[in-house]
Amino acid sequence: IGANAAMFGIVDRLLLRPPAYLSNPKTTHRVYIARTWDGVEHLTANISYKRYLELRDWTTSFSQTAAFFNTDVVFGTGEDARELHAGLVSASYWRFFDLRPVLGRFFTAEEDRVPEGAPVTVLGYAYWQSNYGASPEVIGKTLRIGRKVYTIVGVAPKAFNGMSMKAVAAYIPITAGANDLFGGGRGVRDVTRYYTTHNMSWMEMLVRRKPGVSVEAATADLTEADRRSFAAQSNAAQSGERRPRAIAAPILRERGPQQGRDSQVATWLAGVSLVVLLVACANVANILLARAFRRRREIAVRMALGISRGRLLAQLFTESIVLALLGAAAGLAVAHWGGGILRGTLLPDVEWGSTLADSRVLAFAAAAALAVGILTGLAPVLQSLHSDVTTALKSGGAKSGLHRSRLRTTLLVFQATLSVVLLVGAGLFVRSL
């Protein structure tokens with residue numbers, strides 16, 4: 001249960017859980033574009049700012065659009081300088097989330113205009129606490145991010161990192177950030193290039209479908225706009241690109257058309273954990289079955305005294321479920337300590353909270369305990385259902401012993417079979433890894 005809870009936390013973060021505070025995640029999509037060279041289609045979520053503007057203006061299926069780019073930037077100067085994660089986002093980005101600033105405000109569309117934007121920033125909650133002591137007087141102070149000095153106008157809510165799985169120290173207007181990234185001192189003399197050319201693909205795009213618009217219709221709308229954008233691209237004919245199209249993909253990158261190795265490894269390990277759990281269930285069920293066989297006289301006396309089979313079966317299931325809940329409590333300790341090592345190994349850059357404070361992991365552990373309790377309780381329940389009261393009161397009888405032997409043998413074969421599959425699969429996985 002501990003291994004499964006730990007792996008569920010990782011798989012949930014990569015493949016199931018939408019970004020914190022995201023409103024209407026089912027209608028929100030990450031945009032991918034596809035280009036074909038030499039008969040091979042290449043997909044990417046990175047697009048240019050100019051193409052983003054064209055897709056925004058030339059589509060009608062979306063109620064909201066936004067641009068974002070997450071990158072590591074130097075914060076501060078001198079000995080206090082540190083490289084931290086920053087979010088370059090459009091002013092429309094905030095409307096995708098159901099949130100309010102802890103202090104101050106978010107930056108506006110007027111502060112997110114080409115070419116330079118306004119030098120304002122919204123601090124991440126954790127950065128505000130660690131660097132400013134959660135001071136309410138932080139509004140109006142300045143902070144050097146990259147080559148610019150930004151004025152702090154707000155503080156984002158706790159645990160909000162937008163579309164990033166890393167802790168974001170600060171958010172700045174994407175136009176201001178692009179001016180810093182591609183402006184003077186970086187080998188690009190013309191700062192207007194980032195929003196006037198199709199060739200600088202560096203940011204990503206979010207869209208939200210209007211009510212009643214299907215994913216297929218939204219994708220078709222994006223593709224038509226992308227073809228217009230591609231036709232307007234000055235060097236499209238010379239680039240060798242063919243068959244442009246765009247996709248309204250799932251909001252989570254690992255569920256999109258480009259699944260990373262992290263999610264593949266995590267999914268495989270989750271499968272291994274499940275097999276281990278099934279082996280353990282068969283093992284415990286065998287122990288409970290042996291215990292029930294030793295208690296056959298006690299069970300027969302209870303039935304002879306008039307206790308119904310329903311109440312008896314409820315007692316047996318309750319005993320196994322209580323045992324599973326105790327196992328889940330110990331398993332959560334394993335998931336808390338061992339899971340931290342596992343998460344740090346698989347995804348060291350992701351910001352993780354405490355396993356014991358994650359309501360989804362706790363709910364999964366409780367559901368797993370209930371399922372395990374039912375599975376392990378089936379064996380003694382089946383044993384009791386097939387027992388004869390009179391025979392059991394006398395000596396247990398050969399028939400009861402035969403049934404017990406067949407059921408226990410089946411469980412042993414099940415354990416052995418799963419163990420062989422597990423060992424072969426683990427060997428192949430380690431070799432591939």
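Since Gly117 meets every condition but one in (1) more than 17 Å from Ala67 (Cα to Cα); (2) touching a residue at least 24 places away in the same chain (Cβ under 8 Å); (3) not hydrophobic (A, V, I, L, M, F, W, C), which condition does it not meet?
It is condition (1) that Gly117 fails.
Quick check on this structure: which one of Leu53, Leu14 is closer than 30 Å to Ala363 by Cα and aliphatic (A, V, I, L, M)?
Criteria check complete, one pass: Leu14.
I'd like the full set of residues that are in a strand (DSSP E or B) and either closer than 12 Å to Val122 by Cα or basic (Lys, Arg) (or both), limited to region 72-103. Lay out the reasoning, then the answer.
Of all residues in region 72-103, those in a strand (DSSP E or B) come to 72-75, 82-89, 97, 103.
Of everything in region 72-103, those that are in a strand (DSSP E or B) and either closer than 12 Å to Val122 by Cα or basic (Lys, Arg) (or both) turn out to be Arg82, Ala86, Gly87, Leu88, Val89, Leu103.
Run down Asp98, Asp80 and say which single residue is within 27 Å of Thr65 (Cα to Cα) and acidic (Asp, Glu).
Values: Asp80 fails: within 27 Å of Thr65 (Cα to Cα).
It is Asp98.
For region 345-355, which residues satisfy the criterion of being surrounded by 12 or more Cβ atoms within 10 Å (Cβ to Cβ) and either among the hydrophobic types (A, V, I, L, M, F, W, C) or within 21 Å of Gln264 (Cβ to Cβ) (or both)?
Looking only at region 345-355, we keep the residues that are surrounded by 12 or more Cβ atoms within 10 Å (Cβ to Cβ), and these are 346-347, 350-352, 355.
Hits for region 345-355 are Leu346, Leu347, Val350, Trp352.
Being in a helix (DSSP H, G or I), surrounded by fewer than 21 Cβ atoms within 10 Å (Cβ to Cβ) and either modelled with pLDDT of 85 or more or touching a strand residue (DSSP E or B) at 6+ places or on another chain (Cβ under 9 Å) (or both) is true for just one of Leu362, Leu382. Which residue is that?
Numbers: Leu382 fails: either modelled with pLDDT of 85 or more or touching a strand residue (DSSP E or B) at 6+ places or on another chain (Cβ under 9 Å) (or both).
After applying the criteria, what remains is Leu362.
Residues that are touching a helix residue (DSSP H, G or I) at 6+ places or on another chain (Cβ under 9 Å): find the helices (runs of 4 or more DSSP H) completely inside region 229-330 holding 2 or more of those. Can you show your working first?
Details: elements: 236-239, 261-294, 296-304.
It comes to 261-294, 296-304.
Using the structure shown, decide if Ala91 is at pLDDT 95 or above, under 21 Å from the mean Cα position of the chain (by Cα), surrounded by 15 or more Cβ atoms within 10 Å (Cβ to Cβ) and aliphatic (A, V, I, L, M).
Working: at pLDDT 95 or above: yes; under 21 Å from the mean Cα position of the chain (by Cα): no; surrounded by 15 or more Cβ atoms within 10 Å (Cβ to Cβ): yes; aliphatic (A, V, I, L, M): yes.
No, not satisfied.
Can you tell me which residues in region 124-167 are touching a helix residue (DSSP H, G or I) at 6+ places or on another chain (Cβ under 8 Å), under 19 Å from Arg13 (Cβ atoms), of a type in the set (A, V, I, L, M) and surrounded by 14 or more Cβ atoms within 10 Å (Cβ to Cβ)?
Met165, Ala167
State which residue is farthest from Asp349 (Cα to Cα) when the search covers only region 257-270 and only residues that are touching a residue at least 60 places away in the same chain (Cβ under 8 Å) and surrounded by fewer than 18 Cβ atoms within 10 Å (Cβ to Cβ).
This residue is Pro257.
Go through (1) within 27 Å of the chain's Cα centre (by Cα); (2) at pLDDT 95 or above one by one and return the number of the condition Ala159 breaks.
(2)
How many of the residues in region 55-70 are open to solvent by 20 Å² or more (accessible area, probe 1.4 Å), part of a strand (DSSP E or B) and among the hydrophobic types (A, V, I, L, M, F, W, C)?
Qualifying residue count for the region: 2.
Output the helices (runs of 4 or more DSSP H) that fall wholly within region 112-214 and possess 3 or more residues being among the hydrophobic types (A, V, I, L, M, F, W, C), or say none.
Working: elements: 125-132, 174-182, 193-196.
Helices (runs of 4 or more DSSP H) meeting the threshold: 174-182.
Has region 101-109 got at least one residue that is of a type in the set (Phe, Trp, Tyr) and closer than 30 Å to Ala220 by Cα? Before you say what the answer is, go through the steps one by one.
The initial filter retains those residues of region 101-109 that are of a type in the set (Phe, Trp, Tyr), namely 106-107.
Still in the list and also closer than 30 Å to Ala220 by Cα: none.
No, region 101-109 contains no residue that is of a type in the set (Phe, Trp, Tyr) and closer than 30 Å to Ala220 by Cα.
Got a number for residues in region 1-54 being surrounded by 15 or more Cβ atoms within 10 Å (Cβ to Cβ) and among the acidic types (Asp, Glu)?
Of the residues in region 1-54, 2 are surrounded by 15 or more Cβ atoms within 10 Å (Cβ to Cβ) and among the acidic types (Asp, Glu).
The values are calculated or read from the model by the stated rules, or taken from the named source; none is laboratory data. Computed from a predicted model, the values in this text were never measured in an experiment. Don't worry about glycine lacking a Cβ; one is built from the backbone with ideal geometry, like all the others, and counts go over all protein chains shown. Ligands, DNA and RNA are excluded from the accessible area calculation, which covers all protein heavy atoms including side chains. Shrake-Rupley method; radii C 1.70, N 1.55, O 1.52, S 1.80 Å.
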